[in-house]
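The structure appears below as structure tokens.
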Amino acid sequence: MQTISLNHSQTERSVQFQTTSISKWLNKTLAVAEENRFGVTAILILLQVSIAGFNVVIPPMIGASVLLMAPGISLAFLSNSIALAQAKMKWVLLGFALSMIVNATISIYCFSKLL
């Protein structure tokens with residue numbers, strides 16, 4: 001049986017490179033999104049409303065309570081408020097991402113119960 005050994009400094013360096021490149025990419029993306037704030041916000045609202053629409057339609061099909069839909073819809077309104085208040089773009093993107101993930105998760109869960 002052969003053992004595998006790693007050079008600790010080499011592993012540490014690659015992890016540092018990954019986090020540095022991710023933070024560079026994130027800062028670059030935020031700067032571009034800030035320059036195109038109106039277009040980015042409009043596209044995010046369109047995507048979010050589409051995903052939240054599934055959250056409004058699918059749960060009643062399985063007889064689920066309105067309380068199941070409430071977290072997703074509340075986050076949708078919250079993220080729209082953050083965007084309209086013209087908060088920092090990282091908070092706008094975070095709010096929309098969280099809203100879309102929660103709404104999609106609820107919709108997928110209810111759709112799996114429908115099948």
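Pairs linking a residue in the range 78-106 that is assigned to a helix (DSSP H, G or I) to a residue that is aromatic (F, W, Y), with Cβ atoms under 6 Å and 6 or more positions apart or on different chains, are S79/F96; I82/W91. Testing Q2 on (1) at pLDDT 90 or above; (2) outside any helix (DSSP H, G or I); (3) loosely packed, with under 11 Cβ neighbours inside 10 Å, one condition comes back false. Which one is that? Of (1) at pLDDT 90 or above; (2) outside any helix (DSSP H, G or I); (3) loosely packed, with under 11 Cβ neighbours inside 10 Å, only one is false for Q2: (1). When S74, S107, S81 are checked against the criterion of being surrounded by 14 or more Cβ atoms within 10 Å (Cβ to Cβ) and over 12 Å from the mean Cα position of the chain (by Cα), S107 stands alone in meeting it.
The values are calculated or read from the model by the stated rules, or taken from the named source; none is laboratory data. Being a predicted model, the structure only gives us computed values, none of them experimental. Ideal geometry is used to build each Cβ from the backbone, glycine not excepted, and the neighbour counts take in all protein chains shown.
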